[in-house]
Number of protein chains: 2
Amino acid sequence: MGNREQTFQKILEVAYVMFAEKGFEKTSLAMIAAEVGISKPAIYYYFQSKDQLISFLFEELYKEIQYDIVVDYKELSPSNFIEKLLKIGYKSIDEQDKDPYFNKIFSQYLLLAARDDHYMQQLLELQSDYLARFYDIFQYAVQLEVLDENANIEAKAHMLAMLYDNIGNFMLTGSQLNYKAIWREAVHSVIQGGKDE
Amino acid sequence: MGNREQTFQKILEVAYVMFAEKGFEKTSLAMIAAEVGISKPAIYYYFQSKDQLISFLFEELYKEIQYDIVVDYKELSPSNFIEKLLKIGYKSIDEQDKDPYFNKIFSQYLLLAARDDHYMQQLLELQSDYLARFYDIFQYAVQLEVLDENANIEAKAHMLAMLYDNIGNFMLTGSQLNYKAIWREAVHSVIQGGKDE
DNA sequence: GTCTATAGTAGGATAGAC
DNA sequence: GTCTATCCTACTATAGAC
């Protein structure tokens, strides 16, 4: 890795942390530069503007998220279906403990999206991709006869997706809830309810 | 209402809308003053600083939220329990359609809270109050024998509370989901799951 | 109670040297 | 590739007149 690439990555890393901790607006380029160990104008060699730096960071996160929920359908069976569904939630809970910055940054992009169509469009893509993954899993559950085909598959899938999403937000506030128990309850409720209807 | 009170309220109303639309940082006191029809320094007659205006607005919202979920336990019976629980969600969904500003503002205070203990403390109070209300309702459900006492009451209550909360966030992004169907599914899943265990 | 005028500060961004 | 120096703009906040 050359000097150029090194500084570039360092700026991104520092910006990621500072944006998460202080927010986009309250983080000035001067502060980032100081932390990186370069001067403010040097940042302009790598990024056209502060907005472009923020936007570039989003693109990087965007790529990461898309590989977040991965399910290997070949592994799914009627007997291990619930277990696999539980693991999806557990994994997310464990990861959010590890990187406390991610959600702080991400919720800021959500706010930006309310005023910027470019971000909004990409976030909506993420969101619908996200909802679709849960929906796919539930459709497969019908095939496996874990769920009745008359059960309200879509509502069940969206419910779990929305809960999954909000666990991250709650962890952000530092609430010490038993998230795994909540997720377990949700998964069991949804699956059992679908067998009885 | 005197002139003084009138201008004071007008500043708050204008600030509420502009903060929601553009965000705290991108809304200057000059913009608020222009919209109100006074000059910028005039705002300092009513508020010590911009931060104090933001903080005051939060206090007002804080009071509103606390009266959000109201349940009259005398009205609850085994036969109408699910119906009443459904109404709590429906009401929130309908109200968020009406005031699109509330969530946009509120999510900004959430971000502030991550860096300001004062906000964090109050938000945590709101959140635990909120979780407790759902928990109380579910404990009452056990009394009514709508739910088995061995059912995981706490997890069920927290699950519904978190879903309830995130419906607002999703509506903020403009996602056109069938929120009432999702809420209905959640309520039914949770109650039915609890009877069978 | 609201104004005009202005101080003081800090931000993003650019020009040009090395 | 990184620097110094500097510009422009916009903001919060204050002083003091009316």
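The values are calculated or read from the model by the stated rules, or taken from the named source; none is laboratory data. All values derive from a computational prediction rather than experimental measurement. Here the Cβ is made from the backbone with ideal geometry for all residues, glycine too, and neighbour counts use every protein chain on show.
Hey, among the residues in the range B:80-105 that are at pLDDT below 95 and hydroxyl-bearing (Ser, Thr, Tyr), which one's surrounded by the fewest Cβ atoms within 10 Å (Cβ to Cβ)?
Per the stated criteria, the residue is B:TYR101.
Which one is nearest to the other protein chains (Cβ to nearest Cβ) among residues in the range B:148-159 that are under 21 Å from B:TRP183 (Cβ atoms) and in a loop (DSSP other than H, G, I, E, B)?
Residue satisfying both the conditions and the ranking: B:ASN152.
Name the single residue, out of those in the range A:135-159 being surrounded by 18 or more Cβ atoms within 10 Å (Cβ to Cβ) and touching a residue at least 60 places away in the same chain (Cβ under 8 Å), that is farthest from the chain's Cα centre (by Cα). Walk me through how you get there before you give the answer.
Step one: filter the range A:135-159 for residues surrounded by 18 or more Cβ atoms within 10 Å (Cβ to Cβ), giving A:135, A:137-138, A:141, A:146-147, A:151-159.
In the following step, the residues that additionally are touching a residue at least 60 places away in the same chain (Cβ under 8 Å) were identified as A:137, A:141, A:146.
Details: A:ILE137: 18, A:ALA141: 24, A:VAL146: 27 Å.
Checking each candidate, the answer is A:VAL146.
Got a sec? Which helices (runs of 4 or more DSSP H) wholly within the range B:1-50 have at least 3 residues that are among the aromatic types (Phe, Trp, Tyr)?
The helices (runs of 4 or more DSSP H) meeting that bar are B:3-22, B:40-46.
Of the conditions (1) within 16 Å of DNA strand D (Cβ to nearest atom); (2) in contact with a helix residue (DSSP H, G or I) (Cβ under 7 Å, 6 or more places away or on another chain); (3) basic (Lys, Arg), A:LYS26 satisfies every one except a single condition; which number is it?
(2)
With A:ASP97, A:ASP51 as the choices, which residue is within 14 Å of chain B (Cβ to nearest Cβ) and among the acidic types (Asp, Glu)?
Of the residues listed, the single one that is within 14 Å of chain B (Cβ to nearest Cβ) and among the acidic types (Asp, Glu) is A:ASP51.
Based on what the data block shows, is A:ALA132 of a type in the set (A, V, I, L, M, F, W, C), surrounded by fewer than 18 Cβ atoms within 10 Å (Cβ to Cβ) and at the interface with chain B (Cβ under 10 Å from one of its Cβ atoms)?
Criteria not met by A:ALA132.
Considering the range A:44-65 alone, what residues qualify as being within 22 Å of A:PHE106 (Cβ to Cβ) and surrounded by 13 or more Cβ atoms within 10 Å (Cβ to Cβ)?
Residues satisfying the conditions are A:PHE47, A:LYS50, A:LEU53, A:ILE54, A:SER55, A:PHE56, A:LEU57, A:PHE58, A:LEU61, A:TYR62, A:ILE65.
Here is a check on your reading of the model: is A:THR27 surrounded by 17 or more Cβ atoms within 10 Å (Cβ to Cβ) and within 14 Å of DNA strand C (Cβ to nearest atom)?
Working: surrounded by 17 or more Cβ atoms within 10 Å (Cβ to Cβ): yes; within 14 Å of DNA strand C (Cβ to nearest atom): yes.
Criteria met by A:THR27.
Scanning for something in contact with a Phe, Trp or Tyr (Cβ under 9 Å, 6 or more places away or on another chain), under 30 Å from B:TYR140 (Cα atoms) and in contact (Cβ under 8 Å) with a residue 24 or more places away in the chain, does the range B:19-29 turn up at least one residue?
No, that holds for no residue.
Any idea which of A:ASP94, A:ASP72, A:ASP99 is without any contact (Cβ under 8 Å) to a residue 24 or more places away in the chain, in the same structural domain as A:GLN127 (by TED's automatic domain parsing) and under 18 Å from A:LEU110 (Cβ atoms)?
Numbers: A:ASP94 fails: under 18 Å from A:LEU110 (Cβ atoms); A:ASP72 fails: under 18 Å from A:LEU110 (Cβ atoms).
Selected residue: A:ASP99, the only one of A:ASP94, A:ASP72, A:ASP99 that is without any contact (Cβ under 8 Å) to a residue 24 or more places away in the chain, in the same structural domain as A:GLN127 (by TED's automatic domain parsing) and under 18 Å from A:LEU110 (Cβ atoms).
State whether one or more residues within the range B:31-46 are among the aromatic types (Phe, Trp, Tyr) and more than 11 Å from DNA strand C (Cβ to nearest atom).
Here is the first cut: in the range B:31-46, the residues among the aromatic types (Phe, Trp, Tyr) are B:44-46.
If we keep only those that are more than 11 Å from DNA strand C (Cβ to nearest atom) as well, we get none.
Within the range B:31-46 (the criterion being among the aromatic types (Phe, Trp, Tyr) and more than 11 Å from DNA strand C (Cβ to nearest atom)), the answer is no, since none of the residues qualifies.
Give A:VAL14, A:VAL71 a once-over and let me know the one that is under 28 Å from A:LYS91 (Cα atoms) and within 16 Å of DNA strand C (Cβ to nearest atom).
A:VAL14
Would you confirm whether or not the range B:54-76 contains a residue that is within 16 Å of DNA strand D (Cβ to nearest atom), hydrophobic (A, V, I, L, M, F, W, C) and within 14 Å of chain A (Cβ to nearest Cβ)?
Yes, the range B:54-76 has at least one match.
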